[in-house]
Amino acid sequence: MTAVDVSNVSAGLFVLGAVFILLIFSLLSLGVLRMFQQRFRQGWFYFAGGVISAIVFYILLDLWYI
């Protein structure tokens, strides 16, 4: 088993990743919850918000860190 060296990860990258991961999965879980509550329109809006957040996250990573 090998260890992964994370000493080169900047604080900004860590915070950006943590915030977007929390945002994306929160929106997706709220979408699932609304679907179980038979509120399909709100559920689809939450799913769309999660997808849009993932796209914005990818764009920011591409612009700032690559």
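The values are calculated or read from the model by the stated rules, or taken from the named source; none is laboratory data. Keep in mind it's a predicted model, so treat the numbers as computed, not measured. So basically every Cβ, Gly included, is an ideal-geometry build from the backbone, and we count neighbours across all protein chains shown. Keep in mind that these areas ignore ligands, DNA and RNA; they rest on the heavy atoms of the full protein, side chains included. Shrake-Rupley method; radii C 1.70, N 1.55, O 1.52, S 1.80 Å.
Based on this model, can you work out whether residue 54 counts as free of Cβ contacts under 8 Å to residues at least 12 places away in the same chain, open to solvent by less than 60 Å² (accessible area, probe 1.4 Å) and aliphatic (A, V, I, L, M)? No, not satisfied. Looking across segment 1-15, the residues that are assigned to a loop (DSSP other than H, G, I, E, B) and surrounded by fewer than 10 Cβ atoms within 10 Å (Cβ to Cβ) come down to 1, 2, 3, 4, 5, 6, 7, 8. Are any residues in segment 40-66 in contact with a helix residue (DSSP H, G or I) (Cβ under 9 Å, 6 or more places away or on another chain) and among the charged types (D, E, K, R), and if so, which ones? Correct list: 41 only.
Scanning segment 22-40 for residues that are open to solvent by 70 Å² or more (accessible area, probe 1.4 Å) and farther than 11 Å from residue 50 by Cβ yields a total of 7. Checking the structure you have, find out if any residue of segment 24-38 is touching a Gly at 6+ places or on another chain (Cβ under 7 Å) and not hydrophobic (A, V, I, L, M, F, W, C). Checked against the condition, which is being touching a Gly at 6+ places or on another chain (Cβ under 7 Å) and not hydrophobic (A, V, I, L, M, F, W, C), segment 24-38 yields at least one hit.
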